[in-house]
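Down below is the structure, laid out as structure tokens.
The values are calculated or read from the model by the stated rules, or taken from the named source; none is laboratory data. Predicted model only: the values in this text are computed from it and were never measured. Neighbour counts are summed over all protein chains in view; Cβ atoms, including those assigned to glycine, are modelled from backbone coordinates with ideal geometry. Note: areas computed on protein heavy atoms with side chains; ligands, DNA, RNA excluded. Shrake-Rupley method; radii C 1.70, N 1.55, O 1.52, S 1.80 Å.
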Amino acid sequence: MTFEEWPAQSGVTASEMAARFKSSLRRGSGRAALLLEADPTNEELQSMLLSACKTNLTYDPQCEEERAPYLYRLITLTRRSDFFWTELSRCLDNFDQSSTENIAQIYGVLCLLASGQTDHDHHSLQEFLAREAIRKAEFEHVGHPCGEHLIRLDGLAAFLELIHLYHAELLDNFEAQSGWAYRTWVEALSVRDGVQSAAAALERARSSSPELDLLISLDVDTALVDRTLVKQPNDAVDYAAAKVGLDPKKGFSLFWIKSASADDLLAAASDLILETDAMKIRAYLRIFTARDFPLNPEPLFAIVKGANPRNAWQATKAIGRLHDHRIRDLAFELLDGLDTPSAIRLLRSNYQPGDFVAIERAIREADPLDDNGWHSVGLAVLDLIEAVAIPPIESRDILLSLYENIPCSLCREEVVRKLHDSDLAPRWMLKECAFDAEPETAEISKRSSG
């Protein structure tokens, strides 16, 4: 696809159209909306959309935005909300504790469908969270995220009922994880009703709810502790003492790494070269991802090319900080089909104009990348562009390739941002981005058309 070329739909076979729709659904891109908008009665596309509602396709669920709002917008384009409500409601009826990874997304889509249709039964959604099987399921993955969706739908009444049903779990969360579960439910209520209105409603409700009163008190106490806790840095120690006290799993303290003298860094680098224990090697390498390695970097090349991926990653980060023709030579050796992401990272301090041509060629000529491969390449490219003053026109084509292939919506947002900020985002891309699963990507599209 060239820079200004729209991914045209005319002349495209039904199977090609379905493949494009499936790829867009998997990545959460806005192209799926445009394809569905052009053919809203296409039963094959609707079937794939229903499957995507039932199976969380998010590449990195811990970091990316939830997909329920994205999927709901697509459902509205089909004008078959009742069909999707019926089909997805069956998933609640057939819930099995052995398969909890998709239920929060299904429940979120149902809550959004209920918000748009007065005849959809909210009671069935409320009853689901009161079931014993749901309360016994892992709170963090079922009760909590589903509760957040219900609070956005039904407000304070749902909030009060949920803190009654899940009071023990919320208390456990305060003890183990500082109460983030309670606070995210408060945030959901605040998003629905406004921060001031939600706060006032909770304050009124606490007088008649001992459970809420306790949670509010715990939240205030936790906030006070967080504000008054002053973390004291580790006592300054020399390298010899730090080495004696080293726990390989934890590594050297960040305070020591940042404050280590030149002599200490030289001693640590010498020990790294001689070390044979894989975990200790990793602990030493972490020092030099934050401080420059002071010796000849060539002994670390074997770690970069070695069989231990975690150590190879740390070694690549460490020597990628250094400007050295030998590191540049290693980058092009790796670029020749061995390890493209590491090669790109090694160019961080060794980039020369035109290198993106070689990077694009390496990606094109290598074996087809899977999602993990594209994600690794994308992170490396974005890191390189951030670190080096590269003329935007040089990176444009590879950013367009990343937009098409990278599975992570957060990374795609960064790709779109870099193209947009350089005034190089094609109109067709910005049109698609209006429907992207990542809200910040949609916001970029909105700003560009404003």
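Values as computed for the structure displayed
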| quantity | calculated |
| --- | --- |
| Cysteines having no other Cys beta carbon under 4.7 Å from their own, within the chain | Cys53, Cys63, Cys91, Cys111, Cys146, Cys433 |
| Option label - P(r) over Cα pairs in 20 Å bins from 0, in percent computed here, alternatives (i) 20, 43, 34, 3; (ii) 23, 47, 23, 7, 0; (iii) 26, 61, 13, 0 | (i) |
| Dimensionless Rg ratio for region 82-230, taking C-alpha atoms and the 2.2 N^0.38 Å reference | 1.08 |
| Count, lysine Cα pairs under 21 Å in the chain, 8 or more residues apart or across chains | 20 |
| 0 to 90° range, to nearest 10: angle between helix 309-319 axis and the chain longest Cα axis | 60 degrees |
| Rounded to whole Hz, the Karplus (6.51, -1.76, 1.60) HN-Hα couplings of region 325-338, x for glycine and proline | 5, 5, 6, 5, 4, 5, 4, 6, 5, 6, 5, 7, x, 8 |
| Euclidean distance between Cα centres, region 327-352 to region 43-57, Å | 40 Å |
| Efficiency of FRET from Cβ geometry, Ser190 and His122, R₀ 25 Å, rounded to 0.05 | 0.75 |
| Nearest-20 debye value, the chain charge dipole, Cβ charges on Lys, Arg, Asp, Glu | 560 debye |
| Inter-centroid distance (Cα atoms) of region 256-304 relative to region 156-209, Å | 48 Å |
| On Cα atoms only, tilt of 409-421 relative to the major axis of the chain in degrees | 70 degrees |
| Residue-averaged 222 nm ellipticity for the chain, from DSSP H runs of 4+ at -39500 (n - 2.57), nearest 500 | -20500 deg cm²/dmol |
| Pair Glu101, Ser115: separation of 7 Å Cα→Cβ label points (nm) | 2.7 nm |
| Accessible-area value, Lys249, 1.4 Å probe, nucleic acids and ligands omitted, Å² | 150 Å² |
| With all protein chains modelled, accessible area of Asp329 [1.4 Å, Å²] | 100 Å² |
| Volume per residue that the Cα convex hull of region 16-127 spans, once the total is divided by residue count, Å³ | 104 Å³ |
| ³J(HN,Hα), Karplus 6.51/-1.76/1.60, whole Hz, each residue of region 394-407, x for Gly, Pro | 5, 9, 4, 5, 6, 5, 5, 5, 5, 4, 6, 10, 5, x |
| Heavy atoms of Asp292 accessible to a 1.4 Å probe, total area in Å² rounded to 10 | 80 Å² |
| For region 255-361, size of Cβ-based charge dipole, Lys and Arg +1, Asp and Glu -1, in debye | 380 debye |
| Helix axis angle, 262-274 relative to the chain longest principal axis, alpha carbon, degrees | 90 degrees |
| Whether region 248-332 is rounded, prolate or oblate, judged on the alpha carbon gyration tensor where a/c under 1.5 counts as rounded | oblate |
